[in-house]
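The values are calculated or read from the model by the stated rules, or taken from the named source; none is laboratory data. Note that the coordinates shown come from a computational prediction; the quantities given were computed from them, not determined experimentally. Neighbour counts run over all protein chains shown; Cβ positions are idealised from the backbone, glycine included. Heavy atoms of the whole protein, side chains included, go into the accessibility calculation; ligands, DNA and RNA do not. Shrake-Rupley method; radii C 1.70, N 1.55, O 1.52, S 1.80 Å.
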There are 2 protein chains.
Amino acid sequence: MPDTNKTKKRGALATKRRILLSAKKAFAKKGLGGARIDKIADSAKANKRMIYHYFGNKTDLFLKVLEDAYTDIRYAEQQLDLDSLPAKEALDKLVCFTWNYYLANPEFITLVNSENLHQARHLKQSKIIDDISQKFVLMVERLLKRGVAEGVFRTGIDPIQLNITIAAIGYYYLTNRYTGSIVYKKDLGTEEAYEERLEFNLTTIRRLVHK
Amino acid sequence: MPDTNKTKKRGALATKRRILLSAKKAFAKKGLGGARIDKIADSAKANKRMIYHYFGNKTDLFLKVLEDAYTDIRYAEQQLDLDSLPAKEALDKLVCFTWNYYLANPEFITLVNSENLHQARHLKQSKIIDDISQKFVLMVERLLKRGVAEGVFRTGIDPIQLNITIAAIGYYYLTNRYTGSIVYKKDLGTEEAYEERLEFNLTTIRRLVHK
DNA sequence: TATGTAAATAACTAGATAGTGCATTGGAGG
DNA sequence: CCTCCAATGCACTATCTAGTTATTTACATA
């Protein structure tokens, strides 16, 4: 019988998954440089040797974690099915989704931050990122065109700049809420503060595209 | 003759300055965890011992670098003299200034990023941040009120949310331009790309406050 | 010129840290 | 039951790192 590849001799796949999950947490919390291989192995209830066995080295492990993070968010975006909604509602939905995704998956933000600190050195080598990104950009492009056709969006909006802006107003708030809470002398990390911010972001984007 | 405290026996003040400058570069490039005390000492053309002599330890040095970075930007903002301009022009000026400051002082961004990764643990202990931040928040508050009085801004805009948004749309673009260039298959780091982004940001904020 | 003191240096320590060589184990196929 | 190999475990290394101890050097003042 050939190997089913579902579970090898001794839970190989499960071990791999545990390592990836622990690595994601560690890299998100401490960055590539700050995360420790020994601690990742421990918290994955695996042996350090397995990390090198399955992933080669620390930076390869980091790349894999990063690729998975991008794959996950891009997949979730595709499930939004924006094409079946009126443009205005679709855009609102995208803004809400982006915000809620960041909130529910804080590792995504800090992983991306860490990679940008390294000037995307690892992601540049990735062979899967191009594919999954393209669909996402096209989706927003279609949405903008449709909004113009429906007569609710103005013309001439660059989809890339819009995408970046939607990400920025959520992402920045969440990454910088710690220093922000000190500078503005207000706890930006409460449930009410989050709701207030989402409302403000919806206004910002609606006004940006409005005719 | 008592010590003038300008330059002690052997360039103490100059050594301190060189250490701070090197530390700023190192922390900005690698983060608190990634920066190396030995390398900071070397590139400051100082001895490692001097770092401990003048700054105590690594985290204290980091806090000092961070405090200086905040002091610098808040000081520069005060020089804008927004109160003497019509509200609309003043707001444009603030958006441009923020963008150009980030562009000209990339260390500021990465230092703040690093501190947020640590949940502002160090800045919380700072005794000077509160003071310098307050003036800044009040400045934007006055600007918004004046814009309403002049009849050019709508009412009910939260100055904190506006501040955060102005920072976000510049800051996020610049920190994430590396992964962004891959995702959007477009070099976001060119001079033209920067000009395009600033233009877009001005539009975003103008539309956000517009009556 | 002598002297006290701050500035600077070098060598060291104790503990981490990424990565490896090699032995062991356990389960699937024969 | 046996055999084989992927999965696992353990101990080791070479290097690095924050922080320290002990010492020397240079200058301002008397």
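Observations on the model:
- Considering only residues in the range B:77-130 that are of a type in the set (D, E, K, R), open to solvent by 20 Å² or more (accessible area, probe 1.4 Å) and within 11 Å of chain A (Cβ to nearest Cβ), the one that is farthest from A:T175 (Cα to Cα) turns out to be B:D130.
- Residue check for B:R177: at the interface with chain A (Cβ under 7 Å from one of its Cβ atoms), basic (K, R) and out of contact with any Asp or Glu (no Cβ under 7 Å at 6 or more places or on another chain): no
- Whether a residue is of a type in the set (F, W, Y), in the same structural domain as A:A87 (by TED's automatic domain parsing) and buried (at least 22 other Cβ atoms within 10 Å of the Cβ) was assessed, and A:Y178 does not pass this test.
- Residue in the range B:104-116 that is more than 12 Å from the chain's Cα centre (by Cα) and within 16 Å of DNA strand D (Cβ to nearest atom) present: yes
- Qualifying residue in the range B:133-145 (condition: more than 17 Å from B:V95 (Cα to Cα) and either buried (at least 17 other Cβ atoms within 10 Å of the Cβ) or in contact (Cβ under 8 Å) with a residue 12 or more places away in the chain (or both)): yes
- In this structure, B:L21 does not satisfy being part of a helix (DSSP H, G or I), more than 9 Å from DNA strand D (Cβ to nearest atom) and at pLDDT below 95.
- If only residues of the range A:187-199 that are open to solvent by 10 Å² or more (accessible area, probe 1.4 Å) and in a helix (DSSP H, G or I) are counted, the one that is farthest from the other protein chains (Cβ to nearest Cβ) is A:E191.
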